[in-house]
Amino acid sequence: MTDRVKRGHYVPQGYLKAFADPARESQIFVLRREQPDRTFSNPVAKVASRLGFYDAGPGDNEQVIEHWFSTEVEAALPFLITRLIEFSRRPWYQRLPPDELKQLLAQMAIQFLRTNHVRETARQRLLEQALAPGGEAWRLVEEMSIQPGISAVEIQEARIHMDGPAHMGMIMNDANINGLINDLKSFTWQLCTTNLAHPFVTSDAPVVIVRPPTAPPESPSIPMLSVAVFPLTPTALLRGEKTGRSLKAMKRSAVYSSSPEWVLNVNRLMFSGPQEQLLGSSREALLSAVPERFRRSCESAGLRQSGVDSVQTVSTRVPDVQ
């Protein structure tokens with residue numbers, strides 16, 4: 001690679017472009033959680049991204065991780081979404097096409113694990129390990145206390161290690177990804193559709209998994225009756241419910257035509273987790289996705305509380321990273 005990628009996207013640009021402003025294809029409407037009454041336009045290239053997000057430290061001249069995500073993950077997602085929607089709308093399908101669904105669930109698992117929030121969770125866990133007595137950063141901390149500021153290079157290398165390889169090591173952990181994929185495969189999935197007058201919105205953490213309030217907070221897997229949603233385009237959304245039953249047994253169709261009220265409720269799920277920005281093709285849809293209680297309490301609470309009654313977001317268990 002001749003040119004280094006400066007801004008690493010943790011939500012693929014190819015996915016975000018589907019939610020862009022129809023009048024300006026390079027722009028997307030943005031609503032920040034701390035400013036729930038105001039939207040603005042931003043280039044797709046600058047949202048859901050972070051400087052050096054995938055950089056793996058000194059010597060990573062070819063940006064191996066960035067290149068892997070670009071070619072093996074991000075390039076495939078728009079194609080998979082298009083195929084799933086096209087196949088699912090054919091009348092002879094009584095369920096979602098299994099091959100396309102399986103590939104999309106793999107993308108869903110990776111997307112859930114690669115977000116900025118999960119990265120920070122992993123970074124904090126690694127930092128706690130590193131600063132514990134005997135940890136790899138213990139010696140560095142001692143040096144800094146004796147001679148403050150002596151080792152800016154070492155400090156930078158420690159930061160890169162926590163921000164880059166630690167997070168990527170967690171994402172590329174087969175047990176982590178495969179465990180989440182297997183959990184998602186046990187869901188009952190439907191494709192939910194709407195029209196452009198009442199579009200779905202997405203966010204900088206587009207995969208939302210909510211669990212019933214009776215579920216133990218530290219369950220090793222996603223508990224029964226949990227619900228997962230993944231907006232695919234402004235007019236299509238993948239919804240799953242962990243029921244242990246098939247669509248046929250539940251007398252549900254593979255494709256569900258959503259009412260405007262249902263679309264609004266799903267859009268408000270974007271406020272149930274750690275998302276910092278809502279993103280979409282419509283200012284009106286973004287503003288309507290903000291529950292009234294968030295508008296009233298945004299200044300005092302910082303919009304960090306849950307935005308959905310009687311559900312919890314799935315807590316992400318971050319494994320130890322060597």
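The values are calculated or read from the model by the stated rules, or taken from the named source; none is laboratory data. What you see is a predicted model, and the numbers here were worked out from it, not measured in a lab. Here Cβ is always computed from backbone atoms with ideal geometry, including for glycine, and neighbour counts include all displayed protein chains. Remember, those area values only see protein heavy atoms, side chains included, never the ligands or the DNA or RNA. Shrake-Rupley method; radii C 1.70, N 1.55, O 1.52, S 1.80 Å.
Can you find a residue in the stretch 101-124 that is open to solvent by 50 Å² or more (accessible area, probe 1.4 Å), more than 22 Å from V207 (Cα to Cα) and not polar (S, T, N, Q)? No, the stretch 101-124 contains no residue that is open to solvent by 50 Å² or more (accessible area, probe 1.4 Å), more than 22 Å from V207 (Cα to Cα) and not polar (S, T, N, Q).
Please verify whether I222 is outside any strand (DSSP E or B), β-branched (V, I, T) and either open to solvent by 20 Å² or more (accessible area, probe 1.4 Å) or in contact (Cβ under 8 Å) with a residue 60 or more places away in the chain (or both), treating the condition exactly as stated. Spelling it out, I222 is indeed outside any strand (DSSP E or B), β-branched (V, I, T) and either open to solvent by 20 Å² or more (accessible area, probe 1.4 Å) or in contact (Cβ under 8 Å) with a residue 60 or more places away in the chain (or both).
Mind listing whichever residues of the stretch 44-90 are among the acidic types (D, E) and either open to solvent by less than 40 Å² (accessible area, probe 1.4 Å) or farther than 30 Å from L101 by Cβ (or both)? Before you say what the answer is, go through the steps one by one.
Keep residues of the stretch 44-90 that are among the acidic types (D, E), which gives 55, 60, 62, 66, 72, 74, 86.
D55, D60, E62, E66, E74, listed by residue number.
Residue pairs whose Cβ atoms lie under 7 Å apart, separated by 6 or more positions or on different chains, with the first residue in the stretch 72-92 and touching a residue at least 12 places away in the same chain (Cβ under 8 Å) and the second loosely packed, with under 15 Cβ neighbours inside 10 Å, are F87/Y93. The one condition from (1) closer than 26 Å to I171 by Cβ; (2) touching a Lys or Arg at 6+ places or on another chain (Cβ under 9 Å); (3) among the polar types (S, T, N, Q); (4) surrounded by fewer than 16 Cβ atoms within 10 Å (Cβ to Cβ) that S41 does not meet is (1). Considering the stretch 22-38, the residues that are more than 23 Å from P291 (Cβ to Cβ) and not in a loop (DSSP other than H, G, I, E, B) include one that is least open to solvent (accessible area, probe 1.4 Å), namely Q27.
Whether a residue is among the polar types (S, T, N, Q), modelled with pLDDT of 65 or more and part of a helix (DSSP H, G or I) was assessed, and Q94 does not pass this test.
Within the stretch 193-219, track down each residue that is within 15 Å of the chain's Cα centre (by Cα), under 24 Å from V255 (Cβ atoms) and in a loop (DSSP other than H, G, I, E, B). I'd like the intermediate steps shown before the answer.
Initial filter on the stretch 193-219 (within 15 Å of the chain's Cα centre (by Cα)): 201-210.
Filter once more, so that each one left must be under 24 Å from V255 (Cβ atoms): 201-203, 206-210.
Hits for the stretch 193-219 are V201, P206, V207.
Looking across the stretch 247-264, the residues that are over 24 Å from S186 (Cα atoms) and either at pLDDT below 90 or not hydrophobic (A, V, I, L, M, F, W, C) (or both) come down to S259, P260, E261.
Among what's in the stretch 225-261 and is in a loop (DSSP other than H, G, I, E, B), in contact (Cβ under 8 Å) with a residue 24 or more places away in the chain and hydrophobic (A, V, I, L, M, F, W, C), pick the residue that is surrounded by the most Cβ atoms within 10 Å (Cβ to Cβ).
First pass over the stretch 225-261, keeping only residues in a loop (DSSP other than H, G, I, E, B): 225-226, 234-235, 242-254, 258-259.
Keeping just the survivors that are in contact (Cβ under 8 Å) with a residue 24 or more places away in the chain gives 226, 234-235, 242-248, 250, 252-254, 258.
Okay, now just the ones that are also hydrophobic (A, V, I, L, M, F, W, C), so 247, 250, 254.
Details: L247: 17, M250: 12, A254: 19.
Looking at residues that are in a loop (DSSP other than H, G, I, E, B), in contact (Cβ under 8 Å) with a residue 24 or more places away in the chain and hydrophobic (A, V, I, L, M, F, W, C), I get A254.
Criterion first (at pLDDT 95 or above and outside any loop (DSSP other than H, G, I, E, B)) does R159 satisfy it?
On the way: at pLDDT 95 or above: no; outside any loop (DSSP other than H, G, I, E, B): yes.
No: the conditions fail for R159.
Out of N178, N195, I need the residue that is at pLDDT 90 or above, more than 16 Å from Y15 (Cα to Cα) and not hydrophobic (A, V, I, L, M, F, W, C). Which one? Full working, then the answer.
Details: N178 fails: at pLDDT 90 or above.
Just a single option satisfies the conditions, and that option is N195.
When F40, F53 are checked against the criterion of being within 19 Å of Q277 (Cα to Cα) and at pLDDT 85 or above, F40 stands alone in meeting it. Report, by residue number, each residue of the stretch 265-295 that is open to solvent by less than 40 Å² (accessible area, probe 1.4 Å), assigned to a loop (DSSP other than H, G, I, E, B) and at pLDDT 90 or above. If the condition is that a residue be open to solvent by less than 40 Å² (accessible area, probe 1.4 Å), assigned to a loop (DSSP other than H, G, I, E, B) and at pLDDT 90 or above, then S281, S282, A289, V290 are the ones that fit.
So, in the stretch 9-20, of the ones that are more than 14 Å from the chain's Cα centre (by Cα) and of a type outside the set (F, W, Y), which residue ends up nearest to F79 (Cα to Cα)? Walk me through it before giving the result.
Initially, the stretch 9-20 is screened for residues more than 14 Å from the chain's Cα centre (by Cα), giving 14, 17-20.
Those left that are additionally of a type outside the set (F, W, Y): 14, 17-18, 20.
Values: G14: 10, K17: 13, A18: 12, A20: 17 Å.
Across the stretch 9-20, the extreme among qualifying residues is G14.
Any residue at all in the stretch 6-20 that's at pLDDT 95 or above, under 22 Å from L287 (Cα atoms), open to solvent by 60 Å² or more (accessible area, probe 1.4 Å) and of a type in the set (K, R)? Yes.
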